[in-house]
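All of the numbers you see were taken from the coordinates with simple rules; none came from a lab. All values reported here derive from a predicted model rather than from experimental measurement. As a convention, Cβ positions derive from the backbone with ideal geometry for all residues, glycine included, and neighbour counts pool all protein chains shown.
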Amino acid sequence: MSTVQFAGISKAFGGVAALHPTDLDIPQGEFLTLLGPSGSGKTTLLNICAGYLAPSAGRLVVGGRDITALPPRQRKMGMVFQNYALFPHMSVAENVAYGLTVRRLSRDEIARRVAEVLKMTQLEGYGERAIRELSGGQQQRVALARAMVIQPDILLMDEPLGALDRQLRKEVQFEIRRLHRASPRTTIYVTHDQEEALVMSDRIAVMRAGRIVQLGSGADLYERPVDTFVARFLGESNLLEGTVDAVLDGHATLGVPGFAQPLEGRAATGLRAGGAASALLRPEAVRAQAGGLQARVAERVYLGELIAVRLMLASGHELWSRRLANEWSGRDVVEIGWDASAISILPDAS
Amino acid sequence: MTGRLFLNAFVALTAAFLVLPILAIVPAAFSAQSFIRLPPDAWSLRWWGTFFNDVSWRVTLLASLKVAAFTTLISVVAGTAAALGIARSGPRARRLLTSLFLGPVVTPAIVLAVALYSMARATGLVGTTMALVIAHTMLALPFVVLNVGVSLDGLDRRLLLAAAGLGAGDFHIFRTVTLPLIAPGVVGGAVFAFVTSFDEVVLSIFLAGPTVKTLPVRIWEEIRLAYTPVVAVGATVMLVLALGAASANRLLSRK
């Protein structure tokens with residue numbers, strides 16, 4: 001287990017930058033998620049960490065040691081691939097034991113550690129099975145067991161749950177979280193799924209177009225996104241475009257066409273008076289409020305314990321609200337409002 | 001309906017056209033007469049006796065097997081290595097190397113034969129096992145390169161990355177991951193190499209000598225002297241071996 005430091009790491013493919021110079025420090029035992037859409041550079045960063053890609057510039061330091069030039073097999077990292085990359089000609093136990101036989105451990109030691117990790121990943125009794133006999137979820141656990149059995153300094157996971165159905169994905173998320181809490185090991189997890197990121201991570205790095213846009217806990221990112229891209233990527237959001245009137249002491253006012261009063265809220269950095277920006281209002285903050293703004297209910301979507309309502313304002317703006325199902329009565333015209341503290345003023349993502 | 005009937009008949013005729021000459025030679029080998037006539041008037045195993053009791057036939061059969069075995073061995077090792085190299089190279093080098101390795105297949109056999117004969121004469125190799133093995137390897141190698149190449153195309157590269165990430169070195173990865181997964185291609189290539197060598201005639205006629213001679217060359221020589229059913233026996237032996245190799249391949253690749 002180790003700290004990981006990316007220092008000015010960048011990667012270009014044939015002159016096109018896949019990853020701009022990036023600095024990222026991951027403390028020992030942290031579960032860090034690289035979250036972003038495809039092409040954002042998250043897998044590139046992961047492959048550089050594993051040693052499958054050489055960075056164009058920069059250094060990778062693990063546990064105080066510069067390993068930029070070290071080949072993958074000397075890195076002591078466990079990788080879980082998208083679609084698992086299990087050896088199809090070996091049994092479950094042989095797959096899991098692969099990293100141990102390479103290290104020439106004794107037969108007994110290998111058997112002991114394989115049994116231990118199969119138990120940990122709830123695969124007891126599956127050791128002799130062929131890979132093709134397993135379900136997707138079981139294959140995913142074999143991949144995890146194979147990566148963990150070598151007791152890697154760092155665990156790397158590249159969209160490991162992408163091939164699973166929704167229900168199973170949820171179970172495995174909590175399973176991975178449980179395993180990580182039980183023995184915290186520095187983990188870098190790549191996904192484009194915000195829910196996965198929120199459930200498992202200590203910190204999340206949101207990536208876009210080869211850069212880390214924001215790094216922080218799930219709550220940081222959700223409550224204080226740095227721009228409209230992060231706001232859209234994590235959670236649902238209402239964004240109202242306008243022009244910044246004034247910025248003062250971490251607060252800003254935004255003039256939004258069609259609103260009589262400017263909207264006031266917490267200001268993200270990078271705003272300047274007169275510039276374009278957006279006001280972020282999370283759907284759960286939009287509630288019914290007597291004497292508030294008049295709005296017409298355009299659509300109701302039943303979500304179980306919640307109901308999502310699409311509201312049309314007189315200004316022509318559209319707001320989504322997500323509240324407990326009993327909050328919105330059957331009326332078509334309602335009066336709505338929100339707490340002043342619910343608004344953030346964010347620069348538009350370029 | 002009639003269209004379907006016509007199609008079936010056409011397929012049957014084509015199949016007969018392909019298979020009948022092969023099947024015709026087998027009964028001829030069991031003839032009791034001293035000349036080939038179809039169907040034979042009387043049946044016997046006398047020509048099988050002649051074939052296996054005559055040292056000159058036995059020696060050529062053994063020489064054929066020996067040449068085919070060496071050819072197979074060398075083609076499989078060199079061809080697999082070549083296919084691995086081709087799979088690793090960039091798209092342009094890949095096209096170039098592939099056409100280079102497939103060259104001997106498209107070159108007319110007689111051109112190769114003349115070229116090899118002149119070189120074998122210059123080096124005193126005419127009539128040696130080595131000359132035959134070298135010539136046959138030229139023809140057999142492309143089949144191994146092709147077969148192994150197809151298997152390598154189907155190999156998931158991430159398996160190799162996964163093995164490297166688990167600490168395995170290049171040779172260990174080749175032995176434990178690559179080779180087991182491309183084994184069907186290697187076996188298929190080996191069968192092709194063996195059969196290619198075993199029934200090669202043109203190059204062999206040029207390069208064989210009085211002491212070292214393969215079975216097809218011996219059959220060709222015999223047929224010019226006497227058209228006896230022993231020739232059919234030799235041909236049937238070849239047929240059985242070739243079919244045996246092909247079915248072994250089918251059985252192994254089904255696994």
Report summary line: For residue A:245, other-chain or 5+-apart residues with amide H closer than 5 Å (H placed, Pro excluded) are A:253, A:254, A:255, A:274
Requested in this report: Loop sites only, by DSSP: take the trypsin sites (Lys or Arg not before Pro) in chain A that have at most 16 other C-beta atoms within 10 Å and name the longest stretch containing none of them.
Outcome: A:130-271
**Report entry** ³J(HN,Hα), Karplus 6.51/-1.76/1.60, whole Hz, each residue of region B:13-21, x for Gly, Pro
**Finding:** 4, 4, 4, 4, 4, 7, 9, 4, x
Report task. Express as a percent, rounded to the nearest 5, the fraction of DSSP beta bridges in the protein assembly as shown (both residues included) that run antiparallel. Result -> 75 percent
Requested in this report: Could you work out, residue by residue across A:78-91, how many beta carbons of other chains sit within 10 Å of that residue's beta carbon, and then give the average as an integer?
Outcome: 4
Query raised in the report: Can you tell me the Rg and the Dmax, both Å, for the Cα atoms in the protein assembly as shown?
Result: 36.4, 118
Query raised in the report: lysines within cross-link reach of residue A:42: Cα-Cα under 17 Å, excluding same-chain residues under 8 positions apart?
Result: A:11
**Report entry** Inter-chain shielding of A:64-74 (mean C-beta neighbours from other protein chains, 10 Å cut-off)
**Finding:** 2
Query raised in the report: Would you list A:348, A:108, B:153 from fewest to most Cβ contacts within 10 Å?
Result: A:108, B:153, A:348
Query raised in the report: Tell me, B:2, B:176 in order of fewest to most beta-carbon neighbours within 10 Å?
Result: B:2, B:176
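From the C-alpha coordinates alone, can you work out the Kirkwood hydrodynamic radius of region B:173-255, in Å?
Answer for region B:173-255: a Kirkwood hydrodynamic radius of 14.9 Å.
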Query - Relative contact order (percent, whole number), region B:55-253, Cα cutoff 8 Å, 6+ residue spacing - result: 34 percent
Requested in this report: Just tell me which lysines come within less than 25 Å, Cα to Cα, of residue B:213; anything on the same chain fewer than 8 places away is out.
Outcome: B:66
Report summary line: With the convex hull built on the alpha-carbon atoms of region B:55-253, volume per residue in Å³ sits at 132 Å³
**Report entry** From phi via Karplus (6.51, -1.76, 1.60), per-residue ³J(HN,Hα) for region A:193-202 in Hz, x at Gly/Pro
**Finding:** 9, 4, 5, 4, 4, 5, 5, 9, 7, 6
**Report entry** For region B:2-12, 3J(HN,Hα) per residue [Karplus equation, 6.51 cos²θ - 1.76 cosθ + 1.60, θ = phi - 60°, Hz, x = Gly/Pro]
**Finding:** 5, x, 5, 4, 4, 4, 4, 4, 4, 4, 4
Query raised in the report: Which order results if B:10, A:229 are arranged by neighbouring Cβ count within 10 Å, fewest first?
Result: B:10, A:229
Requested in this report: Take every DSSP beta bridge with both residues inside chain A and express the antiparallel ones as a percent of the total, to the nearest 5.
Outcome: 75 percent
Query raised in the report: Quick one: helix B:55-88 against the long Cα principal axis of chain B, what's the angle to the nearest 10°, folded into 0 to 90?
Result: 20 degrees
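Report relative contact order for chain A in percent, whole number only (criteria: Cα-Cα under 8 Å, sequence separation at least 6).
Numbers: 763 pairs, mean separation 56.1, N = 350.
Relative contact order comes out at 16 percent.
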Report task. Post the alpha-carbon centroid distance, region B:49-88 to region B:195-222, in whole angstrom. Result -> 12 Å
Requested in this report: Tell me the Kirkwood hydrodynamic radius of chain A in angstroms, computed as one over the mean inverse distance between distinct C-alpha pairs.
Outcome: 22.7 Å
Query - Highest-fluctuation residue, A:202, A:249, A:193 considered, GNM on chain A with Cα pairs under 10 Å - result: A:249
